[in-house]
Amino acid sequence: MNLVSLKLVTIIALDALQHKLIKDIKECGCKGYTIAEVEGEGIHSKHFTDWEGRNIKIETLVKEEVALKIMETISAKYFDKYSIVAFISTVEVLRKEKFV
Amino acid sequence: MNLVSLKLVTIIALDALQHKLIKDIKECGCKGYTIAEVEGEGIHSKHFTDWEGRNIKIETLVKEEVALKIMETISAKYFDKYSIVAFISTVEVLRKEKFV
Amino acid sequence: MNLVSLKLVTIIALDALQHKLIKDIKECGCKGYTIAEVEGEGIHSKHFTDWEGRNIKIETLVKEEVALKIMETISAKYFDKYSIVAFISTVEVLRKEKFV
Amino acid sequence: MIETLFNSLSSPMVLAFVLGVFATIIRSDLKLPEGMYLGLTVYLLFAIGIKGGVKLTHTPFVDFYKSGIIAILMCLAIPIYAYHILKRLAGFDSINSAAMAAHFGSVSVVTFSQTLVHMETNNIPYEGFVSALLAIMEVPGIMMALYLAKRNQPGEQETLNSQQEILKELLTGKGFVLLIGGLLIGLASGDKGYEQVSPFFDAPFKGILCLFLLEVGLVTGRRLGDLKKVGLRLVLAAIFIPILNASIGIWLASFIGLNVGTATIFGVLCASASYIAAPAAVRIAIPEANPGYYLTAALAVAFPFNVTLGIPLYYYFATLLCQ
Amino acid sequence: MIETLFNSLSSPMVLAFVLGVFATIIRSDLKLPEGMYLGLTVYLLFAIGIKGGVKLTHTPFVDFYKSGIIAILMCLAIPIYAYHILKRLAGFDSINSAAMAAHFGSVSVVTFSQTLVHMETNNIPYEGFVSALLAIMEVPGIMMALYLAKRNQPGEQETLNSQQEILKELLTGKGFVLLIGGLLIGLASGDKGYEQVSPFFDAPFKGILCLFLLEVGLVTGRRLGDLKKVGLRLVLAAIFIPILNASIGIWLASFIGLNVGTATIFGVLCASASYIAAPAAVRIAIPEANPGYYLTAALAVAFPFNVTLGIPLYYYFATLLCQ
Amino acid sequence: MIETLFNSLSSPMVLAFVLGVFATIIRSDLKLPEGMYLGLTVYLLFAIGIKGGVKLTHTPFVDFYKSGIIAILMCLAIPIYAYHILKRLAGFDSINSAAMAAHFGSVSVVTFSQTLVHMETNNIPYEGFVSALLAIMEVPGIMMALYLAKRNQPGEQETLNSQQEILKELLTGKGFVLLIGGLLIGLASGDKGYEQVSPFFDAPFKGILCLFLLEVGLVTGRRLGDLKKVGLRLVLAAIFIPILNASIGIWLASFIGLNVGTATIFGVLCASASYIAAPAAVRIAIPEANPGYYLTAALAVAFPFNVTLGIPLYYYFATLLCQ
Ligand SMILES: Nc1ncnc2c1ncn2[C@@H]1O[C@H](COP(=O)(O)O)[C@@H](O)[C@H]1O
Ligand SMILES: Nc1ncnc2c1ncn2[C@@H]1O[C@H](COP(=O)(O)O)[C@@H](O)[C@H]1O
Ligand SMILES: Nc1ncnc2c1ncn2[C@@H]1O[C@H](COP(=O)(O)O)[C@@H](O)[C@H]1O
Ligand code: NA
Ligand code: NA
Ligand code: NA
């Protein structure tokens, strides 16, 4: 078996931003992603009901350059005005070619 | 860009413990968290229906000291009696000041 | 406190494979797991509606040997024909004996 | 009795329950959407509450207070004797006996609903205040059982939840809030208000109950596997205790002069085992208790027994004891 | 007026709202399943749309066009004066004033539904085209308020969403699509088509509204805590603006000769604050605005005021001003 | 025929489907809550089953068995000829031809429901056993198609799922279990039992179907984009095969002497393409097949064709061929 390192980028944001975020990460070079519905509380706001808007968590496996590019794009476009959290972790996968 | 390391603490527990756990992690110094509804099976029990109680997964980005404090608190208060799983991973974020 | 390293294996797959996957990872030696309902898009397909089939995300905390065994099994049995993503990350837990 | 038994067994609700159990046994992928159980529960509780409240507007208070007293008496008595039966006769440990006693001491909304449907199908009259009894009987039995659990763990380090906290959680639980809230709304808005919402809360009630019983059947089916593990003593105890509860309850009901229908319903309330409030409370207050015992006793034994054989049997008791 | 006020306060819908608020205050675990809010919204919007469409088939177009004109006029006027009242009199900053103005400029489907129920319970006749007014009045007020917000942030770097993008999002939003879509379906399928679906979209409407108001109450309850933080000026403004809107609206309605019932409903539409389209649009278009202000004003003040005291009050206005 | 066509096109259900498609095309954010699709499916299947069961109690068995035989015949024949049409005439590869054949070989519950509504609206009588035919026709066609798929991948390493496993999964699938379970419940509880639940399973059926069709429209809309990619040959095939199926089906029906209404419904069953059982089975059994083909053929072509033009057309066929 041939495990190789990749980056997993996680973005937590308002569900209303979903389409824009997906578009952005695809432009950065991501080839797939997984979305879960979540709730949350942060410094700005609570997101527990449909009135307050739900949160989503987007996870995407990408190579390091793409991960950094996603972080840069997101931070430039959204960090100032929107409640959004993003982080990178390192994971190991098989079949790297699927993701890069 | 200035990526810095932080800890992501993940707690999986019965949904009935939600309010208590949130209170505990806030007291340990966490400033935000994200919750997802999950199901699961462990050594104690299955949690697939409302009768058995649902599980939740709480994730919170914190600095290392807080992460350790959370693990200590949770382990002291819940590990003996409740079905609960907690672990720490290392992630990289921008804007560290948001989380610490 | 005594934090020790373990592996967290994450599998994203069609929900119709749930029972088979659970059976497989249990046979590899996993003692518990957590499942979340997710949606996603990859190279093969989109999974956003019940017609297209939903995705699930299975997470299981195991020791390294088991993690590798799971990756091997999954890759041999499913990677060719099914839309499935699996990766390993390293996390730290208390009470290692619960998981190994 | 044979006829009501037959009616009971061939009702679409009971059959839907059986279908649910059967679907689980053959490992069908049939399941209801996640929120549906919660949604149906809210519907049933609120519908029962509001309808009961409207009926209370037609009931003189004096008719009601005696029933209220025996209801509370039963709720305090059941956990005590159930605890001892389970511990001494059936041989369970203190913790699990108390956990099961909490379930028998409280009431089941679905069993109650099914009983009302049964009464209406068989044209058996009953008093309007039975929904109020349901509300009254939800909490006290659980509290009593948790108290027993605590008294028997004296060496315990202080737990997360004091008795008082638990009481607060029960009284603010959705079961109690919706029932009492619904009752008050029914009382305040009366017939005129109820008329507006009855096409939603009354007409489709039985059909929705049918769907709910399908769901209960699916969950029960999963518990059936545990039956083998837990053994015959659990099964016997979880049938004996409801019959005993109903007998005592109906006997008390005959004393205060309740009619046959009302006494039957009261008997069912005593016999039924909680499946909303009790499991939630036990999970938090006595997490050491094994759900393989208490959920199995309540869902896989007492519940199906009550909705099939129990209701006609208790009705038969009531015809013997009441006028 | 006293009688309609009493009817309004003792209706099961209003009481369900109160129960929801109360449940949150006592920290009950009562909640509706996650999808239920969305499901109920879809139901209400579609039911209103389709029923309105069928009624439109009986309305001569000439009766309708004058109302359409004053409706659009009000939608454009409200955000402007509300913005200035909030900024100058109540002392909020431009961003938050515009955000709140967007809510007052649009309409609330639940308040509208509750008004129809009120009209029917009190046998007050109204024109069939009011649902069309609801649809017309959803979007323009929000656009106007967002324009005001933008004009007041001139130094802003280009935002994510141009005015045009937002308009597109509003017009394709579920609120607008379901209302207009429902109206067209009602128009096209007529009485004969409606007959088929009315047991689902008509009969249980009030009961489902009741459940929906329970949910709104639960959310409102959570916002009540913010009331203390935001202070009296928000509360006063969020009561004053609806009354003002309704007064102007009903006065205009009397000019074009609408009857009392229709004028009341139009007044309510002017008075009501949006809770579907506006929060969603504001969240994206003016993310700097504080939901502690705009959600609290719309949900915790204007909404309960309108469904309890507001409707009877505006009806009273209408009886004074219209034939 | 023109009149029934018009009735069909202007029914609220068909229009709701169109609204759903339209909402997707304009990229509306309209969506139904996640569990709703599942919830509505359970409702439709169970409601059809139970109502069909009750009707079967009024049907002599002899009337039913001939229809059962031609139903099974058609289920076995359709996948075979559809497979060859798709492979030889339309030029798809073996795998995708078999996947699509599985969909045409099974049946669509929504198309069936819409047909019943159509029959009732136009007062066309039909036999009570059609729901039983629906149940019978769900599984065999899929099995036949999967067998064809397997035979054409001879070099394949052993797959995860043997033919037998798949059959087990289909027979325990929610579609089959709810239909058959509902039929049996209807048979056992009869008119008296059905009366109790009909305000939930009968009265709102058409309205709920309307909501369901809105959801189907939303999903279909997303598939429309694939239409361009897949090309005209898929569209033509997915219209030609249903018409052929219906023609053969109705011709057989005329042989065994079914009346016009029943023959039309049988024709629709033959024509309709599965959207519950078949996609799930194909996903697991032939994962190499492209959902861009089979879902598009079933949902974006065959389904809208059947519910709009198809039903009146097949009715016209039936009037020509039957008594
Ligand atoms: N420290 C944190 N850990 C995990 N999730 C967080 C954290 N802070 C914020 N979030 C999530 O990000 C969302 C927006 O946060 P905020 O921008 O702080 O309001 C919240 O609703 C949470 O779901
Ligand atoms: N090894 C594991 N990996 C992932 N999740 C687990 C694991 N063990 C337990 N869990 C989760 O933690 C919950 C409680 O576990 P337990 O205390 O073992 O019954 C389960 O329902 C699972 O959701
Ligand atoms: N790069 C990725 N990052 C995260 N999730 C992915 C990625 N690629 C695929 N997935 C998930 O795996 C599922 C199957 O992917 P695929 O096999 O590429 O169609 C998708 O529906 C996604 O949920
Ligand atoms: Na009891
Ligand atoms: Na307004
Ligand atoms: Na077919």
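Which one is least open to solvent (accessible area, probe 1.4 Å), of the residues in the range D:88-107 that are over 30 Å from D:N7 (Cβ atoms) and among the hydroxyl-bearing types (S, T, Y)?
Looking at the filtered set, the residue picked out is D:S97.
If you scan the range C:45-66, which residues turn out to be within 9 Å of another protein chain (Cβ to nearest Cβ) and either more than 16 Å from ligand 3 (Cβ to nearest atom) or part of a loop (DSSP other than H, G, I, E, B) (or both)?
C:S45, C:F48, C:T49, C:D50, C:W51, C:E52, C:G53, C:R54, C:L61
Given the options F:Y81, F:Y65, F:Y37, name the one that is within 14 Å of chain E (Cβ to nearest Cβ) and among the hydroxyl-bearing types (S, T, Y).
Within the list F:Y81, F:Y65, F:Y37, the selection yields F:Y37.
Just one of E:I85, E:I72 is surrounded by fewer than 16 Cβ atoms within 10 Å (Cβ to Cβ) and farther than 30 Å from D:T172 by Cβ; which is it?
E:I72 is the lone residue from the list that is surrounded by fewer than 16 Cβ atoms within 10 Å (Cβ to Cβ) and farther than 30 Å from D:T172 by Cβ.
Among all residue pairs at least 6 apart or on different chains, which show Cβ distances below 7 Å where the first residue, located in the range E:117-134, is under 23 Å from E:L187 (Cα atoms) and away from chain D (no Cβ under 14 Å) and the second is among the small types (G, A, S) and assigned to a loop (DSSP other than H, G, I, E, B)?
Correct list of pairs: empty, since none qualify.
Can you say whether B:Y78 is more than 13 Å from chain C (Cβ to nearest Cβ), within 28 Å of C:I56 (Cβ to Cβ), among the hydroxyl-bearing types (S, T, Y) and away from ligand 5 (no atom under 16 Å from the Cβ), as far as the supplied structure shows?
Considered against the rule, which asks whether it is more than 13 Å from chain C (Cβ to nearest Cβ), within 28 Å of C:I56 (Cβ to Cβ), among the hydroxyl-bearing types (S, T, Y) and away from ligand 5 (no atom under 16 Å from the Cβ), B:Y78 comes out as no.
Anything in the range C:1-17 that is open to solvent by 10 Å² or more (accessible area, probe 1.4 Å), under 26 Å from A:Q18 (Cα atoms) and of a type in the set (V, I, T)? List them, or say none.
Within the range C:1-17, just C:I12 meets the criteria.
Among (1) assigned to a helix (DSSP H, G or I); (2) open to solvent by 40 Å² or more (accessible area, probe 1.4 Å); (3) away from ligand 2 (no atom under 15 Å from the Cβ); (4) modelled with pLDDT under 95, there is one condition C:S75 misses while meeting the rest; what is its number?
That leaves (2) as the condition not met.
Have a look at F:V110, F:V42 and point out the one that is more than 14 Å from chain E (Cβ to nearest Cβ), at pLDDT below 95 and surrounded by 23 or more Cβ atoms within 10 Å (Cβ to Cβ).
Being more than 14 Å from chain E (Cβ to nearest Cβ), at pLDDT below 95 and surrounded by 23 or more Cβ atoms within 10 Å (Cβ to Cβ) holds for just one of F:V110, F:V42, which is F:V110.
Being buried (at least 24 other Cβ atoms within 10 Å of the Cβ) and facing chain D (nearest Cβ under 7 Å) is the filter here, so list the residues in the range F:179-194 that pass it.
Across the range F:179-194, the qualifying residues are F:G181, F:I185, F:S189, F:G193.
Only one residue in F:F240, F:F205 is under 19 Å from F:K51 (Cβ atoms) and either of a type outside the set (G, A, S) or at pLDDT below 95 (or both), so which one is that?
Exactly one residue qualifies, and that residue is F:F205.
Scan the range E:1-16 for residues that are open to solvent by 10 Å² or more (accessible area, probe 1.4 Å), in a helix (DSSP H, G or I) and at pLDDT below 90 and report the count.
So the answer is 7.
All but one of (1) within 14 Å of chain C (Cβ to nearest Cβ); (2) open to solvent by less than 20 Å² (accessible area, probe 1.4 Å) hold for A:E39; which doesn't?
(2)
Going through the range D:265-287 one residue at a time, which ones are open to solvent by 10 Å² or more (accessible area, probe 1.4 Å) and within 16 Å of ligand 2 (Cβ to nearest atom)?
D:R283, D:P287
For F:F240, only one of the following conditions fails: (1) aromatic (F, W, Y); (2) buried (at least 24 other Cβ atoms within 10 Å of the Cβ); (3) more than 13 Å from D:G207 (Cβ to Cβ). What is its number?
Condition not satisfied by F:F240: (2).
When the range D:195-208 is examined, which residues are found to be out of contact with any Pro (no Cβ under 9 Å at 6 or more places or on another chain) and more than 7 Å from chain F (Cβ to nearest Cβ)?
Matches in the range D:195-208: D:E195, D:S198.
In the range D:235-273, which residues are away from ligand 4 (no atom under 16 Å from the Cβ) and touching a helix residue (DSSP H, G or I) at 6+ places or on another chain (Cβ under 6 Å)?
Residues satisfying the conditions are D:V235, D:S254, D:I256, D:V260, D:G261.
Determine whether B:I56 is open to solvent by less than 20 Å² (accessible area, probe 1.4 Å), within 14 Å of ligand 1 (Cβ to nearest atom), under 12 Å from the mean Cα position of the chain (by Cα) and not acidic (D, E).
yes
Of (1) over 30 Å from E:E215 (Cα atoms); (2) within 14 Å of chain F (Cβ to nearest Cβ); (3) of a type in the set (G, A, S), D:A47 satisfies all except one. Which?
(1)
Looking for something open to solvent by less than 10 Å² (accessible area, probe 1.4 Å), in a helix (DSSP H, G or I) and over 26 Å from D:Q196 (Cβ atoms) - is there at least one such residue anywhere in the range E:128-144?
Looking through the range E:128-144, at least one residue is open to solvent by less than 10 Å² (accessible area, probe 1.4 Å), in a helix (DSSP H, G or I) and over 26 Å from D:Q196 (Cβ atoms).
Please tell me if D:I248 is closer than 23 Å to D:Y65 by Cα, more than 16 Å from ligand 5 (Cβ to nearest atom) and more than 14 Å from chain B (Cβ to nearest Cβ).
yes
Are any residues in the range B:25-39 away from ligand 1 (no atom under 15 Å from the Cβ) and closer than 25 Å to B:V66 by Cβ, and if so, which ones?
Once the filter is applied, which keeps residues that are away from ligand 1 (no atom under 15 Å from the Cβ) and closer than 25 Å to B:V66 by Cβ, the range B:25-39 yields only B:V38.
Only residues in the range A:20-41 that are free of Cβ contacts under 8 Å to residues at least 60 places away in the same chain and closer than 20 Å to C:L14 by Cβ count as the first member; pair them with residues that are among the acidic types (D, E) and away from ligand 1 (no atom under 16 Å from the Cβ), Cβ under 7 angstrom, at least 6 apart or cross-chain, and list the lot.
Filtered contacts from the range A:20-41: A:Y33/C:E41; A:I35/C:E39.
For the range F:53-69, which positions are polar (S, T, N, Q) and open to solvent by 40 Å² or more (accessible area, probe 1.4 Å)?
F:T57
What are the residues in the range A:71-97 that are on the phi < 0 side of the Ramachandran plot and free of Cβ contacts under 8 Å to residues at least 60 places away in the same chain, if any?
The answer is A:E72, A:T73, A:S75, A:A76, A:K77, A:F79, A:D80, A:K81, A:E97.
Would you call E:A135 over 12 Å from the mean Cα position of the chain (by Cα), within 16 Å of ligand 5 (Cβ to nearest atom) and under 28 Å from E:G181 (Cα atoms)?
No: the conditions fail for E:A135.
Look through C:K20, C:K81, C:K26, C:K69 and report the one residue that is outside any helix (DSSP H, G or I) and open to solvent by 40 Å² or more (accessible area, probe 1.4 Å).
Step by step, each of C:K20, C:K81, C:K26, C:K69 is checked, and only C:K81 is outside any helix (DSSP H, G or I) and open to solvent by 40 Å² or more (accessible area, probe 1.4 Å).
Anything in the range E:209-230 that is within 25 Å of E:A289 (Cα to Cα) and within 14 Å of chain D (Cβ to nearest Cβ)? List them, or say none.
The answer is E:E215, E:G217, E:L218, E:G221.
Please indicate, with yes or no, whether at least one residue in the range D:225-235 is within 27 Å of D:R27 (Cα to Cα), surrounded by 24 or more Cβ atoms within 10 Å (Cβ to Cβ) and under 19 Å from the mean Cα position of the chain (by Cα).
yes
Where in the range E:261-321 are there helices (runs of 4 or more DSSP H), lying fully within it, with 3 or more residues that are among the hydrophobic types (A, V, I, L, M, F, W, C)?
Correct list: E:277-285, E:311-321.
The values are calculated or read from the model by the stated rules, or taken from the named source; none is laboratory data. Because the structure is a prediction, the values reported are computed rather than measured. Please note: Cβ atoms are built from the backbone with ideal geometry, for glycine as well, and neighbour counts cover all protein chains shown. Heads up: the accessible areas ignore ligands, DNA and RNA and are worked out on the full protein's heavy atoms, side chains in. Shrake-Rupley method; radii C 1.70, N 1.55, O 1.52, S 1.80 Å.
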